[in-house]
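These notes concern the structure reproduced below.
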Amino acid sequence: MTSCAYETSIQFLVPLEFIWKFQLGKMRYPLSSSTALGLRCPNCDSEGLLTNDTEYNVDNFGSVLLNVTSCPHCGYRHTDVLTLTNREPVFLRVKIRSLKDLNIKVIKSGTATVAIPEFKATIMPGPNSEGYITNVEGILEKIEDALTFMLSSVDSVRLRKGKRMLKQIRDSREGKSGFTLIIQDPLGNSGLVAGADQSKITKRKLRNKELARIKFGQYAVKMNIS
Ligand SMILES: [Zn+2]
């Protein structure tokens, strides 16, 4: 992983006003629906932010709480997922080799760092990073969207490199080339579910050294174009 090559990477800044919400994301909510938190909206500053928790049972994984925070005044919305079982710092890895592998389920919490070394892509848990349940293809789609967005404001050299990466990602979405998906989550709310093929997934506790390296940065998405 090339997590320290800051000079050659393109970084996507997240506004500082979202930081309070990051702290909110670490709180434990009761299992109730629509509770007024009496907190202010990070977008429009109105009081009366609402939070809604829904419990889901994900096959071969366990109970997952989907939390949606929303503002009735401006429409602001933020989602995150919490795992109700097996909570310890987790390292997950899967080699994607076929179209079928793209269907592997991904539970990605707001505190997860998602990396695809072959694309030099890392999605870091920035203050505004969301949690969601998707599949491997959904993760590729998010990285493709982030890269496309970043390429709208780079110089021609980086644009060329970025376009090559885009092609690599699109080839992978069509099953033409393989890659490795790595998820590191210090709060253990994330998971990979491959059903009958669960043996494809490497799962272990995060080492202290790794934990120290995945500090929650100020950047939500980092693509290393070098
Ligand atoms: Zn608002």
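The values are calculated or read from the model by the stated rules, or taken from the named source; none is laboratory data. Note that the structure is predicted; figures quoted are calculated from it, not measured. Note that each Cβ is placed from the backbone with ideal geometry, even for glycine, and that neighbours are counted across all protein chains shown.
The conditions of being modelled with pLDDT of 95 or more and more than 13 Å from residue 188 (Cβ to Cβ) are met by residue 94.
Screening residue 125 with (1) under 18 Å from the mean Cα position of the chain (by Cα); (2) part of a helix (DSSP H, G or I); (3) in contact (Cβ under 8 Å) with a residue 40 or more places away in the chain gives one miss only, at (2).
Of all the listed residues (90, 81, 136), the sole one being away from the ligand (no atom under 16 Å from the Cβ) and in contact with a helix residue (DSSP H, G or I) (Cβ under 6 Å, 6 or more places away or on another chain) is 136. The residues in the range 85-116 that are assigned to a loop (DSSP other than H, G, I, E, B) and at negative phi can be counted, and the count is 12.
Restricting attention to the range 167-193, which residues are part of a strand (DSSP E or B) and either at positive phi or more than 16 Å from the chain's Cα centre (by Cα) (or both)? If the condition is that a residue be part of a strand (DSSP E or B) and either at positive phi or more than 16 Å from the chain's Cα centre (by Cα) (or both), then 179 is the only one that fits. Looking at this structure, is residue 130 in a loop (DSSP other than H, G, I, E, B), surrounded by 14 or more Cβ atoms within 10 Å (Cβ to Cβ) and of a type outside the set (Gly, Ala, Ser)? Considered against the rule, which asks whether it is in a loop (DSSP other than H, G, I, E, B), surrounded by 14 or more Cβ atoms within 10 Å (Cβ to Cβ) and of a type outside the set (Gly, Ala, Ser), residue 130 comes out as yes. Do we have any residue at all in the range 55-78 that's polar (S, T, N, Q), within 16 Å of the ligand (Cβ to nearest atom) and either at pLDDT 85 or above or over 28 Å from residue 149 (Cβ atoms) (or both)? For the range 55-78, residues polar (S, T, N, Q), within 16 Å of the ligand (Cβ to nearest atom) and either at pLDDT 85 or above or over 28 Å from residue 149 (Cβ atoms) (or both): present.
Which pairs have Cβ atoms under 6 Å, sit 6 or more apart or on different chains, and link a residue in the range 195-223 that is part of a strand (DSSP E or B) to one that is of a type in the set (Ser, Thr, Tyr) and modelled with pLDDT of 80 or more? So the pair list comes out as 222/122. Looking across the range 163-184, the residues that are touching a residue at least 60 places away in the same chain (Cβ under 8 Å) and buried (at least 19 other Cβ atoms within 10 Å of the Cβ) come down to 165, 172, 179, 181, 183, 184. Against the condition among the acidic types (Asp, Glu) and within 23 Å of residue 198 (Cβ to Cβ), how does residue 141 come out, does it pass? Answer is no for this residue.
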